[in-house]
1. Choose one answer from SER86, SER31, SER74: the residue with the largest mean-square fluctuation in a GNM of the chain with alpha-carbon springs under 10 Å.
2. Please identify, among ASP32, ASP99, ASP90, the residue showing maximal mean-square fluctuation in a Gaussian network model of the chain using a 10 angstrom Cα cutoff.
3. GNM on the chain, C-alpha springs below 10 Å: top fluctuator among LEU166, LEU157, LEU47?
4. Roughly what angle does helix 2-23 make with the longest principal axis of the chain, taking Cα atoms, 0 to 90 degrees, to the nearest 10?
5. If you take the beta carbon distance between THR160 and ILE34 as r and set R0 to 35 Å, what does 1/(1 + (r/R0)^6) give as a FRET efficiency, to the nearest 0.05?
6. In the chain, which longest range has no trypsin sites (Lys or Arg not before Pro) that are both DSSP loop (not H, G, I, E or B) and surrounded by at most 16 other Cβ atoms within 10 Å?
7. Would you order LEU79, LEU177, LEU104 from fewest to most other beta-carbon atoms within 10 Å of each residue's own beta-carbon?
8. Going by C-beta contacts inside 10 Å, put PHE80, PHE60 in order with the fewest on the left.
Amino acid sequence: MKKKTLVLVLALVLVAVGVVAGTLAWLTAESDTITNTFTTSGIEVTLTETNEEYKMVPGFEIHKDPKTTVVTGSEECYLFAKLDKSANFDTFMTYEIADGWTQLTGTGVPAGVYYRKVLSADMGTVYSVLKDDMVAVKGEVTKAMMDALTQQTYPTLAVTAYASQLYKGAGVEFTALEAWSNVSGS
């Protein structure tokens, strides 16, 4: 009988502990959820010019104003201007690159590639590519030289703008040559 009483008392104690434990309120907490959305970044560059047709007059300067801009909101970057001259351009014409541009040199870099860094504070700034927005016709160009030209052999100067991100990692910049390789695929 003692055993039965002991088992009964233990069973009652277990039931009482279960009832009491079930009614205890534990202190808990939960924070608000913060959801981070990772959007894309990018660089947008423009190239504009006011004129498209030009007449050569020996010894005269011609207003030619290619201008590049890295659009506000773009990432900090290297801005490149690539000038491609026809084979006969230097026979007839000259130009100088505008201030602030540095000629890019290195293995595999074509002639006529210039660059500058564009930081956040410079976004939206318009950069002239040619000094004083001019090209000049050489004074030694003659009428006979110009008369020998055809639609297919007129001197040409093509300008293209490129941009590549400035940083390859946190605080680590690409070199200008590495950045050019990013845009040229070389």
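Just so it is clear, none of the values below were taken in a lab; they were calculated from the coordinates. None of the values given here were measured: they were computed from a predicted structure. All Cβ positions, glycine included, derive from the backbone under ideal geometry; neighbour counts span all protein chains shown.
1. Between SER86, SER31, SER74, it is SER31 that shows the largest mean-square fluctuation.
2. Its mean-square fluctuation being the largest, the pick is ASP32.
3. It is LEU157.
4. 30
5. Details: r = 44 Å, r/R0 = 1.25.
Approximately 0.20, to the nearest 0.05.
6. Values: sites that count: LYS55, LYS138.
That gives 56-137 as the longest site-free run.
7. LEU177, LEU104, LEU79
8. Details: PHE80 23, PHE60 13.
In order of increasing Cβ crowding within 10 Å: PHE60, PHE80.
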